[in-house]
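These notes are about the structure you will find just below.
Nothing in this text is a laboratory measurement; each read-out follows from the coordinates by a stated rule. Keep in mind that what you see is a predicted model, and the values were worked out from it rather than measured. Neighbour counts are summed over all protein chains in view; Cβ atoms, including those assigned to glycine, are modelled from backbone coordinates with ideal geometry.
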Amino acid sequence: MNNIESLSIKVGASAYKEIRDQGFDISKIRTILGASGGPKWLVLSHLDKLILEKVIPKIHGPVRLISSSIGAWRFICYAQKDPIKAINDFENGYIEQYFFNKHNKRIISTHLRNTLDLICTSSGAKDVIEHPIFRTNIITTRSHHILKSDFNPLLFFGLCSSMLANFFSRGALKYFFSRGLFLDARETSLKLDQDSFSTHYIRLTEDNLKDAVIASSSIPLFLEGVTGINGAPNGVYRDGGIIDYHLDFPSVNSDSYALYPHFFDFLKPGWFDRSLPWRKLSLENLERTILVCPSEEFIQGLPGSKIPDRSDFTKFSNEERIKIWKSVVNSCAKLADDLNEILEKDQLPNIMKPF
């Protein structure tokens, strides 16, 4: 089994010791995490389908889904009546999207809503809210002061100011943003206010589900902020990754596991922390987390030796980008095949490494 080199699996200290000593009980997965990352999610589409087909049927209790930005889109697919079709539709729509340079953020925001309507119809929203297994929780960021503006020069100045403040202290971001957490109505114990940020807890309903998903993926400068969300405090809601890029908070009880399909084997707390090598997730928050991601060796074998990202929209022609992204998705079927082999042969204790 040690010849499986496509995957990197890292496990928090408490879960690592338990799995090493007692073996892996897949039914203990009670949370699945979905991070921000835009096109990077394409490397996970086959893993998502494997989780739905092979992991979820072995779990008897409710499974908490916690996500921001593109993770929210993935998990909306999870909770559809035909989740595999939803993921395939999302994957195809995401790869085939194309915008002319002249398209402004209103046009792109409208396209985003139309895409969500195709994946999640009005009855699909009801399926998410009432899903028998999944408890969907979506993280957004509520903007303060001039960051409420969608006038790009003013918004850009606000973002630069918040980025500078974050350089000195992540906690300083609380003066620029607060967290808007849209919670499944059946959720009783998820609390994200252990850090510096004020958190607005908002019940997720059929009426605000789509607004929450759009808001959670509304990248400042490129997409419009979302206002007038049903049941939420007044304000402008934007990309959840601004505060919660890779989800730096405890997400599961001490007797359960959090499964984290991710793009890389490194984690950053917030959007502005990506270029700060000293800013990392708390190991304490990862105690019960099982992170599964493509290995560096596998990534080096992808087209261009990289995972898709937003720069591909400008780096390649539309035809080139689509061809590359489809090739990446096809290659990443191996990730799912190898994870399935690890689970079927009960080899996680031999493959995993500690954070």
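Counting beta carbons within 10 Å around each of M163, M352 and listing the fewest first gives the order M163, M352. Considering only L204, F176, S67, the residue lying farthest towards the positive end of the dipole of the chain is F176, judged by Cα position with unit charges set on Cβ. For the options K345, K268, K148, a Gaussian network treatment of the chain with springs between C-alpha atoms closer than 10 Å singles out K345 as fluctuating the most. Per residue, the average separation of C-alpha pairs within less than 8 Å and at least 6 apart gives segment 7-354 a relative contact order of 29 percent. Farthest toward the positive end of the dipole of the chain, out of S331, T141, I9, is the Cα of T141, where the dipole comes from beta carbon charges about the Cα centre. Residues considered: T140, T314, T110. Largest GNM mean-square fluctuation over the chain, using C-alpha springs under 10 Å, is found at T314.
Quick check on segment 164-231: take the gyration tensor over C-alpha atoms, sort the square-rooted eigenvalues as a ≥ b ≥ c, and tell me if it's rounded (a/c under 1.5), prolate or oblate. It is oblate, given that a/c is not under 1.5 and a/b is not larger than b/c.
The simple spin-label model puts a point 7 Å past each Cα toward its Cβ; for Q347 and L164 those points are separated by 5.3 nm.
Using the Cβ-Cβ distance between S189 and K323 with R0 = 30 Å, the FRET efficiency computed as 1/(1 + (r/R0)^6) comes to roughly 0.05. Its Cα centre serving as origin, the chain has a Cβ charge dipole (Lys and Arg +1, Asp and Glu -1) of approximately 740 debye.
Rounded to whole Å, give me the distance from the Cα center of segment 43-109 to that of segment 236-291. Result: 19 Å between the Cα centres.
Cross-link pairs exceeding 26 Å in C-alpha to C-alpha distance, out of K191/K334; K49/K306; K210/K323; K191/K280, comprise K191/K334; K210/K323. Once C-alpha pairs closer than 8 Å and six or more residues apart are averaged by separation and normalised to the residue number of segment 206-306, the relative contact order reads 22 percent.
Using only side-chain charges placed at the Cβ, +1 for Lys and Arg and -1 for Asp and Glu, the dipole size of segment 175-254 relative to its Cα centre rounds to 80 debye.
Under a model in which nothing but the beta-carbon of Lys, Arg (+1) and Asp, Glu (-1) is charged, segment 104-253 shows a dipole of about 300 debye around its Cα centre.
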